[in-house]
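Here's the structure, in structure tokens; my notes come after.
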Amino acid sequence: MSLFAFKGLIAVIIALVTVITGLASLRFIHRYQHLLSLGDAFADGIFLGAAAFHLFPDAIESFPAGFSTLTSYLLAILLVISGFFLLFVLERTIIHREKERHELTNEHTCKASAWMLIGILSVHAFIAGAALGISDTLRTVSILLIAILAHKGFESFALMMGLHRNLKQDVQVKNILWAFTFVTPLGIILAAFIESFLHTQAADIITGLFSAFAAGSFLYIGTLHGGHNHFHAPRDPTKRYEKIIATLLGIAAMGIVAIWA
């Protein structure tokens, strides 16, 4: 099987995982929340590990040989910061606008919260899919597949929980889930087509640039967006420490994969 066909198969698998876990979440929305939050914290650790141990080093290696080591590192760091800052600004801007709407009815405020959640998760899902789609080695594709699948189920659960709380209409929630299901596969397919039609050197450069940018978005999802809630929301210190340990285990798991891969 060619790498391009493998990416197509991955897109189908991710779509199935997204819709199955999303629909299942509607049934278990009020059960096993602590275990699901621990799993989500573990998935955040996997995202952090994928960014630090795989995406960032791959970005450095993909830059042209004519670049000095310092130039490669500075460019990669700049792109990591850009990816991180993009999601930070997007989320904070939407939150700020939502706070300005507190004078609106509760119904409008709930809808604003729902669309904020959809927007943030969709941007991240597309970036993650594009990072996988533009990757040109089986090793990198496999690493990103692990990271995306590990987080996708919990991401779908978070989306369903937020939409169910704010919209309270199962039909509308399911329609949004179906649309969200195809965001990551769309990113994979578009990026895979771009990568397949580019010359080798150009593909390597774009892969390096996008890998570094995606690393920044992965860091944000694993810290301020996801990890912030994990570490500060629980009132019980024991639960907070459990989530921190789960995140560290996720990071360690990706570190072990980096050593063996």
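Here, each number is a calculation from the coordinates, and none is a lab measurement. What you see is a predicted model; the values in this text were computed from it and never measured. All Cβ positions, even for glycine, are placed from backbone atoms using ideal geometry, and neighbour counts span all protein chains on display.
Quick notes
- Summed residue charge, Cβ within 9 Å of SER62's Cβ, Lys/Arg positive, Asp/Glu negative: -4
- With R₀ fixed at 22 Å, the C-beta to C-beta distance from SER82 to TRP115 puts the FRET efficiency at about 0.35.
- Using the average count of surrounding beta-carbon atoms within 10 Å as a protection proxy, the listed peptides 41-48, 137-144 rank, highest first, as 41-48, 137-144.
- Chain lengthening between LEU138 and ALA179 when straightened (0.36 nm per residue, less Cα-Cα): 11.9 nm
- For ILE13, neighbours were defined as the other residues whose beta-carbon sits under 14 Å from its Cβ, and their charges (Lys and Arg +1, Asp and Glu -1) total +2.
- TYR73/PHE4 FRET efficiency (R0 30 Å; Cβ-Cβ; nearest 0.05): 0.45
- Computed lengthening from GLN172 to LEU90, 0.36 nm per intervening residue step minus Cα-Cα distance: 27.1 nm
- For the pair ILE194 and ALA253 in one chain, pulling the backbone fully straight at 0.36 nm per residue adds 18.1 nm over the alpha carbon distance.
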